[in-house]
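Read through the structure below, which is laid out as structure tokens, and then see the notes.
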Amino acid sequence: IMDLDINEIMESLEQDFDWLVKRKKHLELELLEIEREITDIYHAMEFYNLDAAKGYKIYKMMQERLIRRRQNKDETLKIDYILSGGIKGLTSKQTRKNFESLGNRQYQPRALKELFGV
């Protein structure tokens, strides 16, 4: 087995965990901005009568923000899995299992089931 510099490994782990905490804070601020944009789009939809072209444009704007919001939430959740699981979660593969379970999620409609063919 090759020689390991335990101090170097420790420093690397500390830096990685610190980076994850900083990234999570950045994602939280970004999520607030996305939510403000979504609110603006909702209000534009409420207050204006849009023709087909403008309606489609606003739909695409909303879709883009909703996709960004989902990506943001998923990344934040993965960071939470890593931070809360720590080294034990990584070595037991529980963190990996949590990551993989994100790919198996399905949305269950709350009110408009007909939109989802349910």
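The values are calculated or read from the model by the stated rules, or taken from the named source; none is laboratory data. Worth saying up front: this structure is predicted, and the values here are computed from it rather than measured. Because the Cβ atoms are built from the backbone with ideal geometry, glycine has one as well, and the counts that use them run over all protein chains shown. To get the accessible areas, we keep the full protein, side chains included, count just its heavy atoms, and leave off ligands, DNA and RNA. Shrake-Rupley method; radii C 1.70, N 1.55, O 1.52, S 1.80 Å.
Out of curiosity, is Arg36 more than 26 Å from Glu14 (Cα to Cα), outside any helix (DSSP H, G or I) and of a type in the set (Lys, Arg)?
Working: more than 26 Å from Glu14 (Cα to Cα): yes; outside any helix (DSSP H, G or I): no; of a type in the set (Lys, Arg): yes.
No: the conditions fail for Arg36.
Please specify each residue of the range 78-118 satisfying the condition of being touching a helix residue (DSSP H, G or I) at 6+ places or on another chain (Cβ under 7 Å) and either closer than 25 Å to Arg36 by Cα or open to solvent by 60 Å² or more (accessible area, probe 1.4 Å) (or both). Of everything in the range 78-118, those that are touching a helix residue (DSSP H, G or I) at 6+ places or on another chain (Cβ under 7 Å) and either closer than 25 Å to Arg36 by Cα or open to solvent by 60 Å² or more (accessible area, probe 1.4 Å) (or both) turn out to be Lys78, Ile79, Gln94, Pro109. Has the range 13-29 got at least one residue that is over 30 Å from Thr91 (Cβ atoms) and open to solvent by 60 Å² or more (accessible area, probe 1.4 Å)? Yes, there is a match, as at least one residue in the range 13-29 is over 30 Å from Thr91 (Cβ atoms) and open to solvent by 60 Å² or more (accessible area, probe 1.4 Å).
For the subset of the range 65-77 comprising residues that are basic (Lys, Arg) and open to solvent by less than 100 Å² (accessible area, probe 1.4 Å), which member is farthest from Lys24 (Cα to Cα)? Walk me through how you get there before you give the answer.
So the first thing to find is which residues in the range 65-77 are basic (Lys, Arg), and the list is 65, 68-70, 73.
Narrowing the set further to residues that are open to solvent by less than 100 Å² (accessible area, probe 1.4 Å) leaves 65, 68-69, 73.
Values: Arg65: 19, Arg68: 15, Arg69: 14, Lys73: 10 Å.
Ranking the candidates gives Arg65 first.
Suppose we filter Lys60, Lys73, Lys22 for residues that are basic (Lys, Arg) and over 27 Å from Gln106 (Cβ atoms); which single one remains?
Values: Lys60 fails: over 27 Å from Gln106 (Cβ atoms); Lys73 fails: over 27 Å from Gln106 (Cβ atoms).
Only one candidate passes the filter, namely Lys22.
In the range 57-68, the residues that are closer than 10 Å to Ile41 by Cβ reach residues that are hydrophobic (A, V, I, L, M, F, W, C) with C-beta atoms within less than 6 angstrom, at least six apart or across chains, in these pairs: Met61/Ile41; Met62/Ile41; Arg65/Ile34; Arg65/Ile38. Scanning the range 36-64 for residues that are under 16 Å from the mean Cα position of the chain (by Cα) and either surrounded by 12 or more Cβ atoms within 10 Å (Cβ to Cβ) or over 30 Å from Asp80 (Cβ atoms) (or both) gives Ile38, Glu64.
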